[in-house]
Amino acid sequence: MASLTDISLVAQVAISGNRRAFDELVRRYQSPVRRFFLSQTLGDSQLSDDLAQDTFIKAYTNIRSFKGLASFQTWLMRIAYNVFYDYTRSNHPTEDVDIVPQRGGSSDNSSLKMDLYAALALLKPDERTCITLQLIDGYDIAGIAKITGLKDGTVKSHLSRGKEKLATYLRQNGYDK
């Protein structure tokens, strides 16, 4: 099943409810979805796993609405973005609430991860989303715009401001160019 394209797997799920085909899609995209949520939740792995699970449940129940106008991954990341947006809206966070990055693992780069999450915590939610999608997940501006529903110019503005804030924070904390 590894050689099948995303479109053929989606068709198998949409037409016949093939769960093995959907399992393959989950295997292909669980890492990018979880990585997106880890960045958005500033390292909260339990919350990230819950949000990723919600994303795949929504994708499975709505797979017949996939039109193929964008890649399956872009469609899935749009669902992930909406899941996170719904989560933050339902929990009524405010801009001035401090989010404490979660400690996890004992790897050598855990302090770097903590600094990255602390830097991401300084960003406004839309800046953090755009930065995460571009720098961590590798999306271009058009892809970010499709996922977030923002205009290209707005994405560029969020990226510019976010990168400047990240660079300033990291420079102030001992990371050189």
Helix 6-16: inclination vs the chain longest Cα principal axis, degrees, rounded to 10, gives 50
Per-residue ellipticity at 222 nm for the chain, helices alone: DSSP H runs ≥ 4 residues times -39500 (n - 2.57), over residue total, nearest 500 deg cm²/dmol?
-21500 deg cm²/dmol
Put +1 on the Cβ of each Lys and Arg and -1 on the Cβ of each Asp and Glu in the range 11-86; which of ASN18, THR61, GLN46 then has its Cα farthest toward the positive end of the dipole?
ASN18
So how tilted is helix 19-40 from the main axis of the chain? Cα-based, degrees 0 to 90, rounded to 10.
10
Between helix 110-121 and the chain, what is the angle of the helix's C-alpha long axis to the longest principal axis, kept within 0 to 90° and rounded to the nearest 10?
90
Sort largest first and round to whole Å: the equivalent ellipsoid semi-axes of the range 110-177, each the square root of five times a Cα gyration tensor eigenvalue.
23, 11, 10
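Answer rounded, prolate or oblate for the chain, using the Cα gyration tensor with square roots of eigenvalues a ≥ b ≥ c: rounded when a/c is under 1.5, else prolate when a/b is larger than b/c, else oblate.
Numbers: a/c = 1.99, a/b = 1.71, b/c = 1.17.
Prolate.
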Counted charge near HIS158, where neighbours are those whose Cβ lies closer than 13 Å (Asp, Glu -1; Lys, Arg +1):
+3
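So what's the range 13-88 giving for Rg/Rh, alpha carbon basis, Kirkwood Rh from the mean inverse pair distance?
My calculation puts Rg/Rh at 0.97.
Taken together, the values in this text are just the output of simple stated rules run on the coordinates, not laboratory data. From a predicted model like this one, the values you see are computed outputs, not experimental measurements. Here the Cβ is made from the backbone with ideal geometry for all residues, glycine too, and neighbour counts use every protein chain on show.
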